[in-house]
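Here the structure is laid out as structure tokens; the discussion comes afterwards.
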Amino acid sequence: MNEKQNKSCPICDSTQTQKIINWDRYSINHCRQCKLIYSDPFPTNQFLKDFYQGFLFNIPDKRNIEKQIETRKQELNTLFKFSKERKKFLDYGGGTGSAYKAACELNLVSYYHDLDNEAEAFVRKEHGLTNDFIIDKIKNSHIYFDYIFSDNVIEHLINPIDYVKEMREMLTDGGEIIIKTPHGKNTESYFYPLITIKGYFLRTLKYNSLSKSLQSCLIRFWHCDPPRHLYSFSDLNLRIIAKKAGFKESEVEILYYHIPLFKYSLLSIFLNFRKYHSLKSFLLRILILPVLPFEIMSKIIQYGLLKINLLTPGGIILKLKKRLN
Ligand SMILES: [Zn+2]
């Protein structure tokens, strides 16, 4: 099958689209109508299947696993507000299974789905996942879920509308879906230069002129880096996806989440003696040291701007509830 070229916006169908930059063999486009950032063309399904085997999966540090599960429990409780009844939960695109395990510990009947066989094998070994609780092919599943959780998956998929539609079909009446994804065009990312400069700007320079690369950072195209992330979403386009997937306006809610203040920071590298303990890491620390005061200053500014709501959050959440008719 050939790669699909996008003549119009893949979400709102508008032809008011504009190419921002080249990105290897892809281009990154912007829709003026719904503010979507997206890849053109999209890779083929087969390409993505091969690309993802073992790719996204990093074995988490043993000592961090328990902490991750505790954090997940708090997060799930806040996002879903679970009832006392023992209901069915699906961790959709579950990766290392922290949400799957957290839901088990919250006394839900927890199911897991991931296309990556390595990730699934890890969850079996680490969290005792068994065949009965693995959803292999979503389309063939005859189970209905009360809660579906999808954390940073939708931006990787070619067809997000079909993805949400599929989830809707698996949802009980009164059931809820939480979809977390990076927030397109956010300003919070400016405070994470290891991501914006290293991950986006320097890579952009490989395929575009300096002025084009600088301009693209002003347009804030981040979180779209095909073939990994094919989209970068915001409020408007997520609402369109929900509507096209069959949800009524009253069933849709948009929430936001922030990137932890010191995530991807030089300070976190400097202090991580467990991971960085070689001679090379020692030399890296010497290089980092003089930059640390500037980073701490920038974190104080970031904190202040967040407090007065002057930064758009790095993450967005689409919360969907299938109401009883
Ligand atoms: Zn659009």
Handout entry: Selection status of N58, at pLDDT below 90 and within 14 Å of the ligand (Cβ to nearest atom)
Key = no
Exercise for the section: Identify all residues within segment 23-38 that are out of contact with any strand residue (DSSP E or B) (no Cβ under 7 Å at 6 or more places or on another chain) and within 10 Å of the ligand (Cβ to nearest atom); write none if there are none. Expected result: Q33, C34, K35
Practice task
Please tell me if R239 is more than 16 Å from the ligand (Cβ to nearest atom) and either free of Cβ contacts under 8 Å to residues at least 40 places away in the same chain or among the basic types (K, R) (or both).
Solution key: no
Problem - Single residue of Y207, Y264, Y256 found to be in contact with a helix residue (DSSP H, G or I) (Cβ under 6 Å, 6 or more places away or on another chain) and under 30 Å from P10 (Cβ atoms) - result: Y264
Practice task
Report yes if S250 is under 30 Å from S14 (Cβ atoms) and surrounded by fewer than 16 Cβ atoms within 10 Å (Cβ to Cβ), otherwise no.
Solution key: yes
Practice task
Quickly run through segment 145-162 and pick out the residues that are part of a loop (DSSP other than H, G, I, E, B) and under 13 Å from D91 (Cα atoms).
Solution key: N152, V153
Practice task
Please enumerate the residues belonging to segment 177-190 that are of a type in the set (D, E) and either free of Cβ contacts under 8 Å to residues at least 12 places away in the same chain or touching a helix residue (DSSP H, G or I) at 6+ places or on another chain (Cβ under 6 Å) (or both).
Solution key: none
Problem - Odd one out for T172, checked against (1) outside any loop (DSSP other than H, G, I, E, B); (2) among the polar types (S, T, N, Q); (3) under 22 Å from the mean Cα position of the chain (by Cα) - result: (3)
Fill in the blank from the handout: When restricted to I259, I269, I241, I286, the only residue crowded, with 16+ Cβ neighbours inside 10 Å, part of a helix (DSSP H, G or I) and among the aliphatic types (A, V, I, L, M) is I241
Handout entry: Test for I20: is it within 16 Å of the ligand (Cβ to nearest atom), at pLDDT below 95 and under 16 Å from S234 (Cβ atoms)
Key = yes
Completion exercise
Checked against (1) at pLDDT 80 or above; (2) among the charged types (D, E, K, R); (3) exposed (fewer than 12 other Cβ atoms within 10 Å of the Cβ), K73 satisfies every condition except (3)
Handout entry: Options S213, S189, S150: the member that is among the hydroxyl-bearing types (S, T, Y), buried (at least 17 other Cβ atoms within 10 Å of the Cβ) and either modelled with pLDDT of 95 or more or at positive phi (or both)
Key = S150
Fill in the blank from the handout: Filtering strands (runs of 3 or more DSSP E) wholly in segment 25-127 for at least 1 residues that are touching a residue at least 12 places away in the same chain (Cβ under 8 Å) and more than 22 Å from S141 (Cα to Cα) gives 26-31, 37-40
Completion exercise
Screening I11, I28 for residues that are among the aliphatic types (A, V, I, L, M), in contact with a Leu (Cβ under 8 Å, 6 or more places away or on another chain), surrounded by 16 or more Cβ atoms within 10 Å (Cβ to Cβ) and within 20 Å of L238 (Cβ to Cβ) leaves only I11
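The values are calculated or read from the model by the stated rules, or taken from the named source; none is laboratory data. Just so it is clear, the structure is predicted and the values come from calculations on it, not from any experiment. Ideal geometry is used to build each Cβ from the backbone, glycine not excepted, and the neighbour counts take in all protein chains shown.
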